1. Which one of these does residue 58 not meet: (1) in a helix (DSSP H, G or I); (2) surrounded by 14 or more Cβ atoms within 10 Å (Cβ to Cβ); (3) hydroxyl-bearing (Ser, Thr, Tyr)?
2. Residue under question is residue 29, and the condition is that it be outside any helix (DSSP H, G or I) and of a type in the set (Val, Ile, Thr); does it hold?
3. Could you go through segment 26-46 and let me know if any residue there is surrounded by fewer than 12 Cβ atoms within 10 Å (Cβ to Cβ) and in contact (Cβ under 8 Å) with a residue 24 or more places away in the chain.
4. Determine whether residue 44 is part of a helix (DSSP H, G or I) and modelled with pLDDT under 95.
5. Identify, please: which residue in segment 61-93 is surrounded by fewer than 13 Cβ atoms within 10 Å (Cβ to Cβ) and hydrophobic (A, V, I, L, M, F, W, C) and is, among those, farthest from residue 10 (Cα to Cα)?
Amino acid sequence: MTEITFKQMFAEARRMPEYWEEGAVLDFTEALYIAMEEQGVTRAELARRLGTSQAYITRVLGGHANFTLKTMSKLALALGLQLEVGLGPQRLPSVAAQDEEEDAR
């Protein structure tokens, strides 16, 4: 039996849509958190603007919410931003993932 390396497992994962979905969620939540920090908006304030609970905002920032385009747009608008969706060449979804790949080498 041939042993599979972490690098091979990572390459296989990158061929699955779930990998890219999780990367997009990570990128979105990271951008949301940065926007909140830059604007001085707390979780409680964002929850108030959306008419939801602070616990929900915590789930969102943790990547554990239902990330529909509608929900993502509402979050962006609550910060005076707009959601932008596009296509581009395949890449690692975040700096954190790039660091993980480099560590695996």
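The values are calculated or read from the model by the stated rules, or taken from the named source; none is laboratory data. Only a predicted model underlies this, so the values are computations on that prediction, with no experimental measurement involved. Methodologically, a virtual Cβ is constructed for each residue, glycine included, from the backbone with ideal geometry; neighbour enumeration extends over all protein chains shown.
1. It is condition (2) that residue 58 fails.
2. On the way: outside any helix (DSSP H, G or I): no; of a type in the set (Val, Ile, Thr): yes.
Answer is no for this residue.
3. Taking every residue of segment 26-46 in turn, none turns out to be surrounded by fewer than 12 Cβ atoms within 10 Å (Cβ to Cβ) and in contact (Cβ under 8 Å) with a residue 24 or more places away in the chain.
4. On the way: part of a helix (DSSP H, G or I): yes; modelled with pLDDT under 95: no.
So residue 44 does not fit the description; no.
5. Kept after step one, since they are surrounded by fewer than 13 Cβ atoms within 10 Å (Cβ to Cβ), are these residues of segment 61-93: 62, 64, 66, 68-70, 80, 82, 84-91.
So of that shortlist, the ones also hydrophobic (A, V, I, L, M, F, W, C) come out as 69, 85, 87.
Details: 69: 27, 85: 25, 87: 22 Å.
Checking each candidate, the answer is 69.
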